[in-house]
Each structure stands twice: as C-alpha cells, then as structure tokens.
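The values are calculated or read from the model by the stated rules, or taken from the named source; none is laboratory data. Keep in mind that this is a model prediction, so the values were computed, not measured. We place every Cβ from the backbone using ideal geometry, glycine too, and count neighbours over all the protein chains shown. Surface areas here come from the heavy atoms of the whole protein model, side chains and all, with no ligands, DNA or RNA. Shrake-Rupley method; radii C 1.70, N 1.55, O 1.52, S 1.80 Å.
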Amino acid sequence: MKVFETLGKYFLFIGIVFSRPQQWKRFWKQFFFEVNSLGINSLPIIMIISLFMGAALTIQTAYNITSPFIPLYAVGLATRDSILLEFSPTIISLILAGKVGSSIASELGMMRVTEQIDALEIMGVNSGSFLVLPKILAAIFINPFLIVISMFLGMAGGLIFGLLAGVVSTHEFVYGLQYAFVPFYVSYALIKTVVFAFLITSISAFFGYYAEGGALEVGVSSTKAVVYSSIILLLANYLLTQMMLS
Amino acid sequence: MIEVQHISKSFSGRKILDDVSLVFETGKTNLVIGGSGSGKTVLMKCLVALYTVDEGDILYDGRQFSKSTEEDKRLLRKDFGMVFQGGALFDSQTVWENVAFPLQMFSSMHESEIKDRVEFCLNRVNLNAAYQLYPSQISGGMKKRVAIARAIALNPKYLFCDEPNSGLDPKTSIVIDNLIQEITEEYNITTVVNTHDMNSVLEIGQKIIYLNKGQKWWEGDKNSILETDNKEVNDFVYASELFQRIRKASQKL
Ligand SMILES: Nc1ncnc2c1ncn2[C@@H]1O[C@H](COP(=O)(O)OP(=O)(O)OP(=O)(O)O)[C@@H](O)[C@H]1O
Ligand SMILES: [Mg+2]
C-alpha cells in the first residue's frame, strides 16, 4: 500500500514541478547555474571513468578472443557496441545518480528542514517548480552531451590502452569501430540518457523536497534518493531495451 | 483583520491547538504570548496555511483562506511577510540577495529601485554593513534582522513575526519592536507577533493573546495584563525577579 501512496505523491509532485515558471529571468539564471553544477562539474569524473572503462573493455575482449577464426577487428567492434549500448548511457547515468542524486536530495532536504522552502511558499513562490524544474531540465539538456563525450573517450581509451598492452593494432581497431555500424544505437543511447536524466533528478528531488526532521533525516533521504533512482534507472533500462531493440 | 474561528490542530493524536478563536486587528500589533511549547509557532503556521487545520476556519478580511486552492493561497500570500523563528534565510544567497529576492520575484521595480529599497530595509533594521556576507557568516541576531528586512521588503499587508527579537540584545530588541509597531501603524497592516519577551509585551502589546496548552487563556492589552488576576497570566508576567520587584515597588506607593 505504501508503495502506491509514495507513487501517487511522486506523480503529484511532478505535477507541481512542471508548472510555468513565475519569473523567466530567474528560471534561466537558475537553469544555467544547474547546467554548470550538475553537468559541467561532473565532466572530470566522467572522463576518467570512460577512458578506463574503454581500456578494460578492449583488453578483456582481446584476451578472450582465442579462436584464430575471429578477426582481431572484432575487438574494436565489440568495444564500440558495448560502449554505445550500455556502458556510456547506463553506467555513466548510474554514476551520475550517485553524484547528482545525493547532492540534489541533500540540498533540497536541508532547505526543507531549515524552513527555506516554507519561506518561499509564504512569499507566494511555487517552491517545487522554482527549485526543481531548472534541475530536471538542466540535466535533460546537458546529460546527452556528457554521454556523447563519454562514448568518444571510451573508444579512445580502448585504442590507447589496447595499443599500450599490445593486444590490437590501430588499423584493426579503427576498422572494427567502423565495421557494421548501426546509427540507431546512438539514438537509442541518447533516448535512454534523457529518460535517465529525468528519473535521477526528479526522484532525488522528490526525496529531498519531502524530507522531514533534521540533519539525520536529510542524510537518510539522500541515501534513499540514490538507492531508488539507481534501482528505477536499471528497471527503466531493461524496459527501454526490451521496447526499442527487440 | 484576520479572524480565527474554532481551529484545532493535532499532530499524531496529540492535540496542540484546541478550539482557538480570536481576531487579529488591522493597524495594531497583535501579540501571541505563552510559555515554550504552548503552541504559538503552530498557531502562526496554521494562520499562513503551512499547516492545514483539522477543524475551523481562518478568514483574511472576510475571505476564506484555510480552505482555498493552492493558486488562491499563492495570490494572497504575495501580501504576506513572515519572519520564521529560525530566520529561514536562503543560505545560497548573500544578505543583500535575500532581501532583494521578493522584490525581484514579484515587483516590477528596476534594478536601481530594488537597490534603494533593499538598502532602505536593511537600514531600518540597523544593518548597514555585511551586505555581501552569506547567512553562515553572520551572527544569529543579524540573521533575525535580515529576515525582518526581507519580510518587510514588499510592504506586506499581513506581517507575521515568530519571536522576532529572541537572540537580540536589549537595545536592538527595542529597535526591532519599534520598527514593527511603526510599520504596522504607518501602513495600517495586520501584524501578528509571537513572543515570550515581557519587554516587547509592554512595548508594543496593543492587543495580547495568552496561549496556554494550546488554548486561548486570556486576551487583553499591555495595560490590562499587569492588572489581571488570571493566575497563569500572572505567573507568566511576574516570572522574572525584575517584574516582581516592580510590582512590589508599585504596591508600596
Ligand atoms: N511538526 C510537528 N509535529 C509534531 N509536533 C509538533 C510539530 N510542531 C510542533 N509540535 C508540538 O507542538 C507543541 C507546540 O509547539 P510550538 O512550536 O508551537 O511551541 P511554541 O509556543 O512556539 O514554543 P517556543 O516558544 O519554544 O517557540 C510542542 O509540544 C511541539 O512538540
Ligand atoms: Mg515557537
């Protein structure tokens, strides 16, 4: 029963959040602030993870190809498809769920327990829309760029570390990257990214916005935000894959 | 005028407000006094609909407020100014930005007018420095004063102050009390102040409600409160040594 209650509360929350901003100037200011704090600030961690993820993928695949009948360019192909289909959109989004989700939930939770949200409401501000809408839209806008960067870096990491390990040659790897390329995979990845961006930001905002109590509860709601957004993200990943690739 | 009609409020079965009826008058500073935990903050939050009442009605100049839609609430709330017991300053914004915020959101003022207005409000609460500091960098008393400046920035029609001068030194307290009274009379607004400071009571108590255990126990003003024979009110008023001595001195005369 509790599940349905929470779900209902979540959808009502989304209704509050998606209402027209009361002041567009403020909205845009906040939007670009969030693009920077949720997006650009996550770039370093995404770059590092993508490079090494690509590296590990390439080396693993190369070592696992023992049959002489499988051409070596298959390493490039396998790396490419794994990165496009799952590693960049899903794993990077999961990492963002941890980083961005906990920061959104604790920021809003803190504002809730120190009555800053009440102060906004008393002024006549729609606090849900004012605080949360810029975050959701900023993530939906910036995350696809982050994921595309991650894709390129993942493949670059595969090439660089594959060469260093001596398991592939540039020619074979690049040939593999281009071999039997399905452009739809990129669209598929970006659609997933946008859905995940929405889920991560809205779910974490939900838990922060309705936090109750003090510092302890803010911590709890921040943990919940990460756990729930990760689980629901993976669930959505399964559903989207089923729907779009079958 | 704010009319409160038979409101009750419970939290998880515990009755905090019990059938409270009262009227807050326009152009007067209306004080709600009572011991710690008597329900003053809960009453104020019911007034502004941060809490929904279990029973009863709240009317603003005849308009139903407690049962209106979110949209109507938002509309009326643009006429509210509120000072929270904890200040509730936006801690991602500087002192200056906090006071400018309601003006930027809801007024059609130009930047230069906003600047003048913010400076005017901060001056009235005796804060002329510290504009660029963040709430975490200023003292508790300064936070209170910034909160007051923010609450009066938009010239509210209804001003709510939850213990506006707790944590302030006696001199600043009097400045704040006088400011609240001045604004109330100058703009003819309805002001509600929660306090348990007897100085404020005698300074600005044009109408006083005494809350006890969530009930309206006594009603009067700053003169009648010294003479009432209500036991609980007397205990409250003469709790301090200072007031006991004053009473003894005046009885000798
Ligand atoms: N959100 C809440 N949930 C449950 N109980 C609450 C809540 N808010 C207040 N109470 C209870 O209501 C009672 C009155 O609290 P309130 O904050 O109104 O007191 P107060 O008169 O403002 O006291 P003080 O002078 O110390 O500020 C207290 O016993 C408190 O425990
Ligand atoms: Mg209180």
Check: Using unit Cβ charges (K, R positive; D, E negative) and no other charged atoms, how large, in debye to the nearest 20, is the dipole of segment B:93-155 about its Cα centre?
Finding: 320 debye
Notebook entry, point to check: When the helix-only estimate is applied to chain B (DSSP H runs of n ≥ 4, each -39,500 (n - 2.57), divided by the residue count), what is the mean residue ellipticity at 222 nm, nearest 500 deg cm²/dmol?
Noted result: -12000 deg cm²/dmol
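For chain A, what does -39500 (n - 2.57) per DSSP helix run (n ≥ 4), summed and divided by total residues, give at 222 nm, in deg cm²/dmol to the nearest 500? Show your work: numbers first, answer last.
Working: 10 runs with 192 residues, N = 246.
Mean residue ellipticity at 222 nm (helix-derived): -26500 deg cm²/dmol.
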Note to self: Set the bar at 18 Å for Cα to Cα. Now go through B:Lys78/B:Lys157; B:Lys73/B:Lys157; B:Lys231/B:Lys252; A:Lys99/A:Lys135 and name every pair that lies beyond it.
What the structure shows: B:Lys231/B:Lys252
Margin query: If R₀ is 56 angstrom, what is the calculated FRET efficiency for the pair A:Met1 and B:Glu241, using the beta carbon separation as r and rounding to 0.05?
Written below: 0.50
Notebook entry, point to check: When we measure straight from the Cα of B:Lys171, which aspartates and glutamates land under 14 angstrom away, once same-chain ones fewer than 8 places off are left out?
Noted result: B:Asp197, B:Glu203
Next item on the list: Report the one residue of B:Ser10, B:Ser107, B:Gly56 whose Cα lies farthest in the direction of the positive end of the charge dipole of chain B (charges on C-beta: Lys and Arg +1, Asp and Glu -1; origin at the Cα centre).
Entry: B:Ser10
Check: Within 10 Å of each Cβ of B:70-77, how many other protein chain Cβ atoms are there on average?
Finding: 3
Checklist line | Percent of beta bridges antiparallel (DSSP, the protein assembly as shown, rounded to nearest 5) | finding: 50 percent
Item checked: Residues whose placed amide H lies under 5 Å from that of B:Gln85, excluding near-sequence neighbours -> B:Asp162
Note to self: On a straight-distance basis, which lysines could pair with A:Lys2 in a cross-link, Cα separation under 24 angstrom, same-chain partners fewer than 8 positions away excluded?
What the structure shows: A:Lys224
Check: For chain A, with the dipole built from +1 on Lys and Arg beta-carbon atoms and -1 on Asp and Glu ones, taken about the Cα centre, which of A:Thr66, A:Ser127, A:Met155 lies farthest toward the positive end?
Finding: A:Ser127
Notebook entry, point to check: Averaged over peptide B:81-93, how many Cβ atoms belonging to another chain are found within 10 Å of each residue's Cβ?
Noted result: 4
Check: What helices does chain A have that are whole DSSP H segments, at least 27 Å long along their own axis by Cα, and with mean Kyte-Doolittle hydropathy of -0.5 or more?
Finding: A:43-64, A:93-113, A:127-165, A:184-209, A:215-245
Margin query: Taking 25 Å as the cut-off for C-alpha to C-alpha distance, list the pairs among B:Lys115/B:Lys207; A:Lys25/B:Lys45; B:Lys28/B:Lys144; A:Lys25/B:Lys115; B:Lys115/B:Lys143 that go past it.
Written below: B:Lys115/B:Lys207; A:Lys25/B:Lys45
Margin query: Along its three principal axes, how long is segment B:93-155 when you only count alpha carbons? Whole Å, largest extent first please.
Written below: 32, 20, 16
Check: When Cβ neighbours within 10 Å are restricted to other protein chains, what is their mean count per residue of peptide A:110-116?
Finding: 5
Notebook entry, point to check: Quick one: how many Å² of B:Phe90 are accessible to a 1.4 Å probe, rounded to 10?
Noted result: 10 Å²
